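Peer 1: The structure follows.
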């Protein structure tokens, strides 16, 4: 049966529909295939956080802050439509780039067709969820449901108006407006006088969940730090979050964008390396301070916090070596807070070309290797947790962890890391425990492990 909200199916599916009509094939068959593709990708990569129906209630949702987006509310964070509604391209960009500084990772490794399919499926979830909510509200208040009226309301909430026009960045340079009074008027209450994210207002999103303004100085922005992206965030806000839309002139917004870009001192997110290279050594280093590590190349890998308020680090430095029998990984990161003395680290390893971001859901050869297993791990992860050898040091604001395991499968270790076994992938996990005894955790995207 055709979805009642067929108008939300993405361009690729619409093109397939036209092709079917003109070819004389069975109507709807190709559209269902496109929707099926989107659902398959969603159930593989998105369901763990966003839930089966896209309500933001997946198995991992309680561990994340900000909480995963509830698509059934019909509100999206990053938008370009003048009515605060995302275009299809907005959704595709969010899927490809992720949302830096949150647990929403980049899925840029998916092909363009897959990205468009899952974006369309997300819109379908939003339409279905919004329809149910509107019907319930009408029944509660009026008692009789007009389905045509419901469809019109869904269209109004989910179909974007014209995209907001972006002025040239030169508008800020040509302006005679002073940026600081504008910043104090529009931004300082939340982001603080110096942009540290320490304003006086207590922040909540539309679901009443606590949230935290960005520290502008870090240069890590949810929708990107380029002029056009920041302009959209200031003018259109971030629907569903505590970031409002502001009614101001193009010139005022351009001047504010230029100021925010100057305030961003730390260069933004660390770029993702291509791979982790494990070099061969006749004897593996014993500890994190062993002299042998000095000659091994390291890569800096960006990590994303499970909870934005508890950000353990922005990146982790990784080195790897093997002796033909065992492989060792050295992971080092700056402690936040610097006084932390308890640290932990792990590596998820798998043989997928397209691995899901969280283990324990899709079978295959996969190991979640840690040397300090959690006392009460989630039930779905228990079959995949492997305790391996490791050492950890946390002092002078720096954490250093070395993990070591056999290359070949043995005992409960399933993933074959021997060079002849072919390409393998790893995801790096770090955690610190502050004075409040709450772990602050972060994870990297998947990277090839070359041996």
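The values are calculated or read from the model by the stated rules, or taken from the named source; none is laboratory data. Since this is a predicted model, take the numbers as computed values, not measurements. Virtual Cβ from ideal backbone geometry, glycine too; neighbours counted across all protein chains shown.
Peer 1: Would you confirm whether or not region 210-219 contains a residue that is closer than 30 Å to residue 128 by Cβ and in a helix (DSSP H, G or I)? Please lay out each step first, then the result.
Peer 2: Narrowing region 210-219 to residues closer than 30 Å to residue 128 by Cβ: 210-211.
Checking the rest, the ones that are also in a helix (DSSP H, G or I) come to none.
No, there is no match, as no residue in region 210-219 is closer than 30 Å to residue 128 by Cβ and in a helix (DSSP H, G or I).
Peer 1: Grab the helices (runs of 4 or more DSSP H) fully contained in region 73-161, keeping just those with 3 or more residues being at pLDDT 95 or above and surrounded by fewer than 22 Cβ atoms within 10 Å (Cβ to Cβ).
Peer 2: Numbers: elements: 88-97, 112-141, 147-158.
Passing ranges, in order: 88-97.
Peer 1: Being within 18 Å of the chain's Cα centre (by Cα) and in a helix (DSSP H, G or I) is true for just one of 229, 241. Which residue is that?
Peer 2: Only one candidate qualifies: 229.
Peer 1: Moving to a separate point now. When region 383-394 is examined, which residues are found to be assigned to a strand (DSSP E or B) and in contact (Cβ under 8 Å) with a residue 24 or more places away in the chain?
Peer 2: 386, 390, 391, 392, 393, 394
Peer 1: Can you tell me which residue among 348, 366, 427 is closer than 25 Å to residue 324 by Cβ, crowded, with 21+ Cβ neighbours inside 10 Å, touching a strand residue (DSSP E or B) at 6+ places or on another chain (Cβ under 8 Å) and modelled with pLDDT under 85?
Peer 2: Details: 348 fails: modelled with pLDDT under 85; 427 fails: modelled with pLDDT under 85.
The match here is 366.
Peer 1: Mind listing whichever residues of region 386-401 are under 11 Å from residue 330 (Cα atoms) and under 26 Å from the mean Cα position of the chain (by Cα)? Don't jump to the end; show me each part of the working.
Peer 2: Looking only at region 386-401, we keep the residues that are under 11 Å from residue 330 (Cα atoms), and these are 390-392, 399-401.
399, 400, 401 - these are the residues of region 386-401 that are under 11 Å from residue 330 (Cα atoms) and under 26 Å from the mean Cα position of the chain (by Cα).
Peer 1: Kindly indicate whether residue 247 is outside the structural domain of residue 333 (by TED's automatic domain parsing), over 23 Å from the mean Cα position of the chain (by Cα) and in contact (Cβ under 8 Å) with a residue 24 or more places away in the chain. I'd like the intermediate steps shown before the answer.
Peer 2: On the way: outside the structural domain of residue 333 (by TED's automatic domain parsing): yes; over 23 Å from the mean Cα position of the chain (by Cα): yes; in contact (Cβ under 8 Å) with a residue 24 or more places away in the chain: no.
No; evaluated as a whole, the condition is false for this residue.
Peer 1: Something else now. Look at region 180-196 and say how many of its residues are part of a loop (DSSP other than H, G, I, E, B) and closer than 19 Å to residue 78 by Cβ. Write out each step before concluding.
Peer 2: Going residue by residue through region 180-196, those that are part of a loop (DSSP other than H, G, I, E, B) are 187, 192-196.
From what is left, the residues that are closer than 19 Å to residue 78 by Cβ are 187.
Residues in region 180-196 being part of a loop (DSSP other than H, G, I, E, B) and closer than 19 Å to residue 78 by Cβ: 1 in total.
Peer 1: Separate question: Could you give every pair whose Cβ atoms fall below 7 Å, whose first residue belongs to region 432-451 and is assigned by TED's automatic domain parsing to the domain that holds residue 347 and more than 23 Å from residue 339 (Cα to Cα), and whose second residue is at pLDDT below 85 and buried (at least 21 other Cβ atoms within 10 Å of the Cβ), counting only separations of at least 6 or pairs across chains?
Peer 2: Filtered contacts from region 432-451: 446/355.
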